Amino acid sequence: FEGCISLSSVIFGDNVKIIPDYIFYDCRSLTGVAIGDSVTNIGKYAFQNCRGLISITIPNSVTIIGESAFNGCTGLTNATIGNSVTSIGDYAFYDCRSLTNATIGNSVTSIGDYAFYDCRSLTSITIPNSVTSIGMCAFRDCVRLTSITIPDSVTGIGRCAFYGCSDLTSVTIGNSVASIEDFVFYD
């Protein structure tokens, strides 16, 4: 369905297990998506540039959110990531500039490079105790983010992770962080 610019809603049936790579890429009018409880994998670029998408709930059945899955969903305001997701892919929510609320499930171990880069409306995010690594530029240019608590489970914070988070006034870094790379809190 790549490039179906008039497609407005999608409901996945009970037997769908995988949302393939690029399936709804550039479906700019897509406003509603109901992901079924049997889906385990959201593929790369699956919803990239779906600018009309406002809210997404990723059910507990999903374990992987692929690279750039929601990249460029500029109308997305709310994202709830289920409790079975272990990995948020690189660029997964890149340029979701209207995203104000993101809830990360408690099984996520890695937040990929550029995962929430340029989410300019994001004011708060809770990093669960399951996360062990925060990727390069993961929250770069989240200019409205005011505080961040990095739990004890995190061992490394990638380069430029919070670069350009100009409203950030409070940071708590857990006891297990062994490496903080260059430019993490630049600007």
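The values are calculated or read from the model by the stated rules, or taken from the named source; none is laboratory data. In this text the structure is predicted, and so the values were computed from the model without any measurement. Heads up, the Cβs are rebuilt from the backbone with ideal geometry, glycines too, and the neighbour counts pull from every protein chain shown. Just so you know, the surface numbers come from the protein's heavy atoms only, side chains and all, with ligands and any DNA or RNA stripped out. Shrake-Rupley method; radii C 1.70, N 1.55, O 1.52, S 1.80 Å.
Observations on the structure shown:
- Scanning region 5-45 for residues that are modelled with pLDDT under 95 and aromatic (Phe, Trp, Tyr) returns a single hit, Phe12.
- Complete set of residues in region 96-115 that are of a type outside the set (S, T, N, Q) and either in a loop (DSSP other than H, G, I, E, B) or at pLDDT 95 or above (or both): Cys96, Arg97, Leu99, Ile104, Gly105, Val108, Ile111, Gly112, Asp113, Tyr114, Ala115
- Screening Asn49 with (1) open to solvent by less than 50 Å² (accessible area, probe 1.4 Å); (2) at pLDDT below 95; (3) among the polar types (S, T, N, Q) gives one miss only, at (2).
- Any hit, region 160-167, residues being open to solvent by 30 Å² or more (accessible area, probe 1.4 Å), part of a loop (DSSP other than H, G, I, E, B), touching a residue at least 12 places away in the same chain (Cβ under 8 Å) and among the acidic types (Asp, Glu): yes
- Scan of region 168-187 for residues that are of a type in the set (A, V, I, L, M), assigned to a loop (DSSP other than H, G, I, E, B) and either surrounded by fewer than 17 Cβ atoms within 10 Å (Cβ to Cβ) or at pLDDT below 95 (or both), ordered by number: Val177, Ala178
Per-residue answers, yes or no, for (1) touching a helix residue (DSSP H, G or I) at 6+ places or on another chain (Cβ under 7 Å); (2) open to solvent by less than 60 Å² (accessible area, probe 1.4 Å); (3) among the hydroxyl-bearing types (Ser, Thr, Tyr):
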residue: Phe1; (1), (2), (3): no, no, no
residue: Asp14; (1), (2), (3): no, no, no
residue: Tyr22; (1), (2), (3): no, no, yes
residue: Lys44; (1), (2), (3): no, no, no
residue: Ser55; (1), (2), (3): no, yes, yes
residue: Ile64; (1), (2), (3): no, no, no
residue: Val85; (1), (2), (3): no, yes, no
residue: Tyr91; (1), (2), (3): no, no, yes
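- Tabulated pairs, region 112-136, first on the phi > 0 side of the Ramachandran plot, second open to solvent by less than 10 Å² (accessible area, probe 1.4 Å), C-beta under 6 angstrom, 6+ apart or interchain: Tyr114/Cys137
- Top-ranked residue in region 116-143 [being polar (S, T, N, Q) and assigned to a loop (DSSP other than H, G, I, E, B); ranked as most open to solvent (accessible area, probe 1.4 Å)]: Asn129
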